[in-house]
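Have a look at the structure below before the remarks.
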Amino acid sequence: MRFASLGSGSRGNGSIVASQTTIVLVDCGFHYKEAFARLKRLGLDPEDLDGILVTHEHSDHVSGVEALANKHSIPVYASRGTWIEVGTDRFNNPINISGLFSIGDIDISPVTVPHDAREPLQFVFHCNGMRLGILSDLGSLSPRVIEGYQDLDAISVEFNHDLELLQKGPYPAFLKTRVSGDFGHLNNAQASELLQRIVSDRLKTVVACHISETNNDTSRVKQALDHVLAHQDVQRLIASQSDGFNWIEIGRP
Ligand SMILES: [Zn+2]
Ligand SMILES: [Zn+2]
């Protein structure tokens with residue numbers, strides 16, 4: 001299994017998870033032309049996609065899904081709550097997620113997360129004995145999240161904001177409350193705590209994603225990663241809004 005990102009942050013998200021035979025896109029917050037160009041950068045064409053998973057209805061995750069899916073007849077998977085918000089009638093092939101499911105040879109476990117959307121899910125992918133977690137858009141660390149993201153070989157995890165930078169920053173008070181609340185986004189300290197609670201000898205790759213361009217700083221993210229993973233032999237990367245990140249092979253040093 002390998003994974004990559006089309007871009008990550010509040011202006012658009014999209015992650016790719018691929019096995020030898022199956023390619024899945026998680027979210028698409030980029031309009032068609034932009035998504036096409038970003039897929040191309042990873043050597044992909046929309047026709048290559050076997051499915052699109054939608055984590056929740058916020059526009060940075062869903063705004064580009066309809067055009068991409070309908071134009072290329074790609075099935076779209078989302079929770080019932082997300083479908084209620086997004087509307088199934090706009091899609092050619094909407095599929096309801098309930099529990100563990102598979103696309104090709106990739107098995108997918110949905111995990112419920114605390115976020116201010118109707119029924120937000122994040123995902124753990126299993127294929128050929130490898131386990132990859134994708135986790136963003138959550139305001140706090142629920143027992144379900146801690147339990148669901150154990151025993152991973154790789155994870156892409158939200159380092160949304162630095163609490164100090166958010167508090168000092170330009171956001172209006174209501175937005176600061178929303179972002180830092182239990183149903184908002186993970187700050188650097190919370191993301192570090194998550195890593196501390198799921199780290200194992202098996203974990204080889206950590207990517208920090210969904211980083212706020214206004215309320216965080218990559219040097220602080222790097223510092224947090226280096227601190228929490230100080231005694232681990234783990235590859236550390238930071239996903240960007242403009243480029244996401246390039247292909248990462250899971251389970252290979
Ligand atoms: Zn988001
Ligand atoms: Zn969101």
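The values are calculated or read from the model by the stated rules, or taken from the named source; none is laboratory data. All values reported here derive from a predicted model rather than from experimental measurement. Using ideal geometry, Cβ is built from the backbone for each residue, glycine included, and neighbour counts are taken over all protein chains shown.
Within the stretch 101-111, being under 30 Å from Gly181 (Cα atoms) and either more than 16 Å from ligand 2 (Cβ to nearest atom) or at pLDDT below 95 (or both) holds for Ile108, Ser109. Against the test of being of a type in the set (Asp, Glu), out of contact with any Cys (no Cβ under 9 Å at 6 or more places or on another chain) and more than 16 Å from ligand 1 (Cβ to nearest atom), the options Asp105, Asp89 yield a single qualifying residue, Asp89.
List the number of the failed condition for Ile95; all other conditions in (1) surrounded by fewer than 23 Cβ atoms within 10 Å (Cβ to Cβ); (2) more than 15 Å from ligand 2 (Cβ to nearest atom); (3) assigned to a loop (DSSP other than H, G, I, E, B) hold. Unmet condition: (3). Residue-level check: of (1) within 17 Å of Ile16 (Cα to Cα); (2) at pLDDT below 95; (3) not small (Gly, Ala, Ser), Arg90 misses just (1).
Among the residues of the stretch 112-138, those identified as within 16 Å of ligand 2 (Cβ to nearest atom) and of a type in the set (D, E, K, R) are Asp116, Arg118, Glu119, Asp137. Taking the listed residues Leu186, Leu163, Leu121, Leu135, the one that is hydrophobic (A, V, I, L, M, F, W, C), touching a residue at least 24 places away in the same chain (Cβ under 8 Å) and more than 15 Å from ligand 1 (Cβ to nearest atom) is Leu163, with no other qualifying.
Might you check whether a residue that is within 15 Å of the chain's Cα centre (by Cα), surrounded by fewer than 21 Cβ atoms within 10 Å (Cβ to Cβ), of a type outside the set (D, E, K, R) and within 30 Å of Arg202 (Cβ to Cβ) occurs anywhere in the stretch 117-140? The answer is no, given that none of the residues of the stretch 117-140 is within 15 Å of the chain's Cα centre (by Cα), surrounded by fewer than 21 Cβ atoms within 10 Å (Cβ to Cβ), of a type outside the set (D, E, K, R) and within 30 Å of Arg202 (Cβ to Cβ). Given the options Glu57, Glu47, Glu66, name the one that is part of a helix (DSSP H, G or I) and either of a type in the set (Phe, Trp, Tyr) or closer than 25 Å to His185 by Cβ (or both). Just one listed residue meets the conditions, Glu66.
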